[in-house]
Amino acid sequence: MSRIETLDARTVELLARFRTGAVPALARAISVVEGQRPGFQALLHEVMASGPQARRIGFTGPPGAGKSSLVAAAATTYRVRDEHVGVVAVDPTSPYSGGALLGDRIRMNDVATDPGIFIRSMATRGSLGGLATTTKEVVDLMDGFGFARILIETVGVGQTELEITAAADTVVVVLVPESGDAIQAMKAGLMEIADVFVVNKADRPGSARLVKELRQALHLRAGSALKDIPAHHGVDLGRALKRERTTDSAAQEVEDWPVPVLTTNALTNEGVDDLVDAVERHRSWLVESGQLEERRRDRAEGRVRDVVNRELQRITWSSDEVRRLLGEGVLGIAGGEETPYSVARRITDALLR
């Protein structure tokens, strides 16, 4: 694989230490990528040359669901199984310092000292998808570093902040009993992306009700709850809601993954082994059904789009001609001679030339 640019001496040295498994080199590489410092793309290019290897598990859900505690409990379980674990915890950006509030790091304090667990907290920095702008690149660095398992925790999210699907192979949606009234609202959001549902803090009143509501919603989505009801206007919901994939030979139906609804109490470790086992079953399903390869292809396409969009933005707004056209255009808009659309067209025309 050819290099996209010549590496400077500092990056070469960093890459050499990174490949020896030096944890400080990983931390330094993450800082380089987060800050988008000179050479960061060449560094990522070298690290990603071998392709994705790690098992990537995303944890998402509303604020207060106990995601950090559950991630810490899962990481501990994986360590008992002798796996090295990388954790990326995305925190809200502080309105004062611009950095992460580090609440996740505090809640994971018990596992932070384990040499087999590497935790990186990241600030969202205005990103609205539940992840920071460079989260996926940081996950790639951890993958290239050799972690067998990478756990990704989003900030507390709602119905539309679903970027975790572009970063993880398996998505765990964490809810608490108090979330029961929100199931209807979440059908078009979190309900659609979950590979595993977890009702955390299951010792609280209402957990059994929430589990029941989740299972009913999943049956409805799959059409199984309506299988005995005659089709309305000729639409068979049970068939219409089945997912299909296309192979080289022919179009074949894929047996849907039966999304499990589990209960946990992260503080007492209750149900965490069941969660880890469910994630493993989902991994096996991904491999056997071909969905893992499909998700990786989709993720690769999305990454290419992200990189192209970022490069085009950088090229656009660093251009002297574009800045001149923008300045002239703003004056023209103020004078009633231009509109944002005419100015944008002149800028894009200049770039395409």
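The values are calculated or read from the model by the stated rules, or taken from the named source; none is laboratory data. From a predicted model like this one, the values you see are computed outputs, not experimental measurements. Every residue, glycine as well, gets a Cβ built from its backbone with ideal geometry; the counts of neighbours run over all protein chains shown.
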Determine, yes or no, whether Ala75 is modelled with pLDDT of 90 or more, surrounded by 21 or more Cβ atoms within 10 Å (Cβ to Cβ) and more than 25 Å from Glu192 (Cα to Cα).
yes
Conditions (1) in contact with a strand residue (DSSP E or B) (Cβ under 9 Å, 6 or more places away or on another chain); (2) among the acidic types (Asp, Glu); (3) touching a residue at least 60 places away in the same chain (Cβ under 8 Å) -> Glu294 fails only (3)
Flagged in the stretch 22-72 as in a loop (DSSP other than H, G, I, E, B), more than 27 Å from Val287 (Cβ to Cβ) and at pLDDT below 95, in numbering order, are Gly35, Gln36, Arg37, Pro38, Gly39, Pro62, Pro63, Gly64, Ala65, Gly66
Keeping to the stretch 144-185, report how many residues are at pLDDT 85 or above, within 14 Å of the chain's Cα centre (by Cα) and assigned to a helix (DSSP H, G or I).
3
With of a type in the set (Lys, Arg), over 24 Å from Arg295 (Cα atoms), in the same structural domain as Asp143 (by TED's automatic domain parsing) and modelled with pLDDT of 90 or more as the only criterion, which of Lys227, Lys201 stands out?
Lys201
Near pairs, Cβ below 6 angstrom, 6+ apart or cross-chain, from the stretch 318-329 (surrounded by 13 or more Cβ atoms within 10 Å (Cβ to Cβ)) to any residue that is in a loop (DSSP other than H, G, I, E, B) and of a type outside the set (A, V, I, L, M, F, W, C):
Gly329/Glu338
